[in-house]
1. Set the bar at 25 Å for Cα to Cα. Now go through LYS125/LYS154; LYS50/LYS197; LYS125/LYS206; LYS50/LYS87; LYS50/LYS206; LYS87/LYS197 and name every pair that lies beyond it.
2. Heavy atoms of the protein only, probe of 1.4 Å, neighbouring chains included. What is the accessible area of ARG161 in Å², nearest 10?
3. Accessible area of TYR119, 1.4 Å probe, to the nearest 10 Å²?
4. Could you order GLU235, GLU147, GLU205 by accessible surface area, starting with the largest, using a probe radius of 1.4 Å?
5. Please list, ordered by chain and number, the residues whose modelled amide H lies under 5 Å from the amide H of VAL48; skip anything fewer than 5 residues away on the same chain.
6. About its Cα centre, what dipole magnitude does the chain give when the only charges are +1 on Lys and Arg Cβ and -1 on Asp and Glu Cβ, stated in debye to the nearest 20?
7. Enumerate the amide H contacts of LEU101 below 5 Å, restricted to partners 5 or more residues apart or on another chain; note that Pro and chain-start residues carry no placed amide H.
8. Calculate one ³J(HN,Hα) per residue across segment 231-245 by plugging θ = phi - 60° into the Karplus curve 6.51 cos²θ - 1.76 cosθ + 1.60, and present them in order as whole Hz with x for glycine and proline.
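The values are calculated or read from the model by the stated rules, or taken from the named source; none is laboratory data. Predicted, not measured: the structure shown is a model, and the values here were computed from it. Glycine gets a Cβ as well: all are built from the backbone with ideal geometry, and neighbour counts include every protein chain shown. The area values use the complete protein model at the heavy-atom level, side chains included, leaving out ligands, DNA and RNA. Shrake-Rupley method; radii C 1.70, N 1.55, O 1.52, S 1.80 Å.
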Amino acid sequence: MGPGIRVFLLLQVLVTLALPEEGKCTEDNGGWVLDHDSPVHEEERCTVEKVDASITYSQFIQQYAYSRPVIIQGITDNVEFQSLCTKQHLVREFGDRQVRLSTANTYSYEKVDVPFQEYVNHLLKPQDLTSLGCDTLYFFGDNNFTEWGSLFKKYTPPPFRIPGTSGAYSFGIAGSGTGVPFHWHGPGYSEVIYGRKRWFLYPPEKTPEFNPNGTTLSWLLDTYPYLSEVERPIECTIRPGEVLYFPDRWWHATLNLDTSVFISTFLG
């Protein structure tokens, strides 16, 4: 990608991210923001294998659990949970509750506690291209299960477990262009409730090139276009109704294409 194209792309991103969120809200996304016009879009190809809900537990264990990611379509029914995750409902029920924000970098050093309504009204916004991940606050994980327990009880997690593990939820809401740069941990699932989330994955033996204090968006603009075919990650965008499974120690980075509501089930 030449300098002229990059400048043009950066200007497009800046213009798009500068648009006021209120002008792009839609009830189709639970009152959260959709960014159909953003140049940060879904990739044309999806290199994560997709299966439907007819997959058996035995097939999951033998073909995916320890070896490669997979997107399972229709494996959960979270229509009720989705109805409880609209912007209006969450602000009404949990607006005065404290949420813990982490920095959106690989190690998430900093933690900040704010009322949920303050996060939604003032901090939930598109990624600022001039900000590092270590300076970007992100609501994901560190959930108070006492106060948010009534919501999590309505969530139906994916049914397949790896032997010897149990599931722990991590719930989040984040603006378009935000995400967490490459990192790894134990196996788990990710489900989008509203919006779209783009995933980039590498196997454990293939460490990606990235700045741990940068943002996924800056990596997408500065590094991704120059990767050869063999250097490119396994990638796809997940939407509501799809669950992505990633195995143990797989590198992964995420990028929210809209204001997204999402929940992960970590198997530990």
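1. Numbers: LYS125/LYS154 27 Å; LYS50/LYS197 16 Å; LYS125/LYS206 32 Å; LYS50/LYS87 30 Å; LYS50/LYS206 22 Å; LYS87/LYS197 18 Å.
Cα-Cα > 25 Å for LYS125/LYS154; LYS125/LYS206; LYS50/LYS87; rest within.
2. Estimated to the nearest 10 Å², ARG161 gives 60 Å².
3. Near enough 0 Å² of accessible area.
4. Most to least solvent-accessible, the answer reads GLU205, GLU147, GLU235.
5. Under 5 Å from the amide H of VAL48: GLU235.
6. Values: 21 positive and 32 negative charges, 92 e Å.
With only Lys, Arg, Asp and Glu charged at Cβ, the dipole is about 440 debye.
7. Here VAL112, ASP113, VAL114 satisfy the definition.
8. Coupling constants for segment 231-245: 8, 5, x, 6, 8, 5, 10, 9, 10, x, x, 10, 10, 9, 9 Hz.
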